[in-house]
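The values are calculated or read from the model by the stated rules, or taken from the named source; none is laboratory data. Please read all numbers here as calculations on a predicted model, not as lab measurements. Positions of Cβ are generated from backbone atoms using ideal geometry, with glycine treated the same way; all protein chains shown enter the neighbour counts. When the accessible area is computed, the model is the full protein with side chains, heavy atoms only, and any ligands, DNA or RNA have been set aside. Shrake-Rupley method; radii C 1.70, N 1.55, O 1.52, S 1.80 Å.
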Amino acid sequence: MPAEAVVSEAGVPAEPVEVAEPIESGEPVVPGERVEVAEPIEFAEPVVPAEAVVPEAGVPAEAGEPAAAGAARGVPRREPVGRRRPAVVPEPAPELPDAELRGALEAILLVVDEPVSELVLAQVLEQPAERIGPVLDEIAAGYTAAGNGFELRRAAGGWRLYTRPEYATYVERFVLDGQSVRLTQAALETLAVVAYKQPVTRSRISAIRGVNCDGVIRTLVTRGLVEECGTESDSGAFLYRTTTLFLEKLGLNTVDELPPLAPFLPDDVEELADATR
């Protein structure tokens, strides 16, 4: 049994290896061939590895070779490149004829339970927003000219159908039938203070009215006419304002449409203002 064996790998001659103990095998060892050893071999001196053959850039590593080994040898790892799908631009919705757009708007306005804005209508119908306003104005003018029992008008930042004021008596008789729930005088006064002074605190409301208004404010909040809108920076007290339901019930678009308060003020308004400061 020779003490040295030349093992070649990939056709490259390796350094001679000196074996400390003889290899026990049933068959003779042929120089130049690989030798499979059942037991580990103890080498007397470190083995000098054969020269590594670095493939050219872009050449894949040999089969069975891990990616980390290829990276260690200087071979750049090729990342899988996915196919980019072209961005699909949705086609714009066809523009509705004026008659069909008018009918669609009327159908939606018949089923809404609160004023709906022009932007929402444009999104639902998939039409340009600049077309909605003029058509609504045309519908409203047509109802008024025809003398219908209902009208279309702006309220609380949107559009909704309303019965005409001259027919309110008949509508109340049919809908309410004696079950009308009216606000008390104290609630009306408190609601007026909130409407004209908003945002306003409870203490300020009570100072203006001259009585405690906590219970009345809770009633107005419960009915959805008044809501909290933050706190005062100095005292931390809650601030109150009117809601969109308040605007809807009064048929107003914004609080700026409230009637001027000056004609309803007493003559000694300056003394009253000083007293409430």
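Taken per residue, the accessible surface of segment 177-242 reaches 60 Å², heavy atoms only and a 1.4 Å probe. Only protein heavy atoms count here; under a 1.4 Å probe, L250 has an accessible surface of about 90 Å².
D113 accessible area, nearest 10 Å², 1.4 Å probe? Here the residue's solvent-accessible area equals roughly 120 Å².
All C-alpha to C-alpha distances of segment 110-229, sorted into 10 Å bins beginning at zero, yield P(r) values of 11, 28, 26, 26, 9, 0 percent in whole numbers. In plain terms, the chain from Y167 to A141 could stretch by 7.5 nm, reckoned as 0.36 nm per residue minus the Cα-Cα distance.
For segment 216-264, GluC sites (Glu not before Pro) meeting the loop criterion (DSSP other than H, G, I, E, B) and having at most 15 other Cβ atoms within 10 Å: E232.
Ranking K249, K197 by solvent-accessible area of protein heavy atoms (1.4 Å probe, all protein chains present), from largest to smallest, gives K249, K197.
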